[in-house]
Amino acid sequence: MNKKPLLENLSLNQITTEQWNLREAVDGSARAEIPWVSLWRHKVEEIGLKESKQLVKDAGLKVSSLCRGGMFPAATSTERESRLDDNRRAIEEAAELGTDTLVLVCGPGPDRDIDTSRKWVAEGIEKLVPFAQSHGVKLGIEPLHPMYAADRSVISTLGQANSIAEQYSPNQVGVVVDVFHVWWDPDLYNQIDRAKGRILGFHVSDWIVPVPDMFKGRGMMGDGVIEINRIRQAVEASGYHGPIEVEIINQSIWDRPGDDVLREIKASYMEHV
């Protein structure tokens, strides 16, 4: 097993350079010789789907994933159906952009009934699977840290994500392992092993102490407490050898020149991932 990650697997998750538009992120990745990019829908929408696809192609980059689908729970059936329609558009966008992975941030509950909200997540995924499969797109369930259960996702553990994904073929539904969200879980390595063959993405950053901000509080790899290399090796042992996305949401990083950030990403990736 590799002790060092492969640079050929390095992917810039676009939210890490939120200060850049899509064109700037693509051009910056090409300058830095980062071969993969993970696109966010709001950035694609700014310049349009066709132009986004062309920019990535012209730069010689590959799209590791599209973020995001999900957000399934809602107070009314009409709103839940509207969110499914948006997910279908996201699936079409992913297929057009050339990635086979749509990352699902599953969404919070509209009220205090978290069990029903989790049921709506499972039902939403079930309704999307045939459409996604017909477009060659897999649905990657990304569990989020429990502190986000109230405002971003009621799916908080890799175990929960596995339980939903296992109802489908690995070619239909899998899981996304983001170290920021799962590092704390005492059952993490059992769940990574359980996910063998259905890990669709691996995201890295770090957990700074103290966390400077609940949402924009992720650190550069090596600046926090996560055993990133150990988690990477476990993910690889479970059969995942695809792109490794650096996904850092942090205002102080967004305030820096993007090229400087990419240089630090490459150095930190090689040392700590």
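Read-outs: derived from the displayed coordinates by stated rules, not from any lab. Fair warning: this is a prediction, and the values are worked out from it, not measured in the lab. A quick note on method: Cβ atoms are made from the backbone with ideal geometry, for glycine too, and the neighbour counts reach across all protein chains shown.
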Quiz item: Counting only residues 5 or more places away or on other chains, whose amide H sits under 5 Å from the amide H of Lys138 once H atoms are built in the peptide plane?
Solution: Thr101, Leu102
Quiz item: Amide H of Arg218: which non-local residues (sequence gap of 5 or more, or other chain) have their own amide H closer than 5 Å, using H built in the peptide plane?
Solution: Ile249
Exercise. Calculate, in nm to one decimal, what Glu96 and Glu81 gain on full extension: separation in residues at 0.36 nm each, minus their alpha carbon distance.
Key: 3.1 nm
Quiz item: Whole-Hz Karplus ³J(HN,Hα) for the stretch 141-155, in order, using 6.51 cos²θ - 1.76 cosθ + 1.60 and θ = phi - 60°, x for Gly and Pro?
Solution: 7, 9, x, 10, 3, x, 5, 9, 4, 7, 10, 9, 7, 7, 9
Quiz item: With point charges of +1 on the Cβ of Lys and Arg and -1 on the Cβ of Asp and Glu, referenced to the Cα centre of the chain, which listed residue (Thr78, Val121, His241) lies farthest in the positive direction of the dipole?
Solution: His241
Quiz prompt | Table column - 3J(HN,Hα) (Hz), the stretch 192-209, Karplus curve with 6.51, -1.76, 1.60, x for Gly and Pro | solution = 5, 5, 4, 7, 3, x, 10, 7, 9, x, 9, 10, 10, 6, 8, 9, 7, 10
Practice problem: Please compute the net charge surrounding Ala150, taking Lys and Arg as +1 and Asp and Glu as -1 over other residues with Cβ under 12 Å from its Cβ. | Solution: 0
Quiz item: What FRET efficiency would be calculated for the residue pair Asp111, Lys3, taking the C-beta separation as r and a Förster radius of 41 Å, to the nearest 0.05?
Solution: 0.30
Practice problem: Could you tell me the distance between the Cα centroids of the stretch 215-273 and the stretch 49-90, to the nearest Å? | Solution: 24
Quiz item: Could you put Lys62, Lys3 in order, starting from the residue whose Cβ has the fewest other Cβ atoms within 10 Å?
Solution: Lys3, Lys62
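Rule-of-thumb check for the stretch 7-272: C-alpha Rg over 2.2 N^0.38 Å?
Values: Rg = 17.3 Å, N = 266, 2.2 N^0.38 = 18.4 Å.
Against the compact-globule rule of thumb, the ratio is 0.94.
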Self-check item: Estimated FRET transfer efficiency when R0 is 22 angstrom, pair Asp187-Arg230 (beta carbons, to 0.05)
Solution: 0.90
Quiz prompt | Lysine pair number, Cα distance threshold 17 Å (strictly under), the chain, separation 8 or more or different chains | solution = 11
Quiz prompt | Extension gain, Glu33 back to Phe131 (0.36 nm per residue minus Cα-Cα distance, nm) | solution = 31.8 nm
Quiz item: Using θ = phi - 60° and the Karplus curve 6.51 cos²θ - 1.76 cosθ + 1.60, what whole-Hz ³J(HN,Hα) does each residue of the stretch 5-11 get, with Gly and Pro shown as x?
Solution: x, 8, 4, 5, 9, 6, 10
Quiz item: What dipole magnitude, in Debye to the nearest 20, does the stretch 7-272 give about its Cα centre under +1 on Lys/Arg Cβ and -1 on Asp/Glu Cβ?
Solution: 420
Quiz item: Taking the Cα-to-Cβ direction at Glu45 and at Asp58 and moving 7 Å from each Cα, how far apart do the two end points lie in nm?
Solution: 2.4
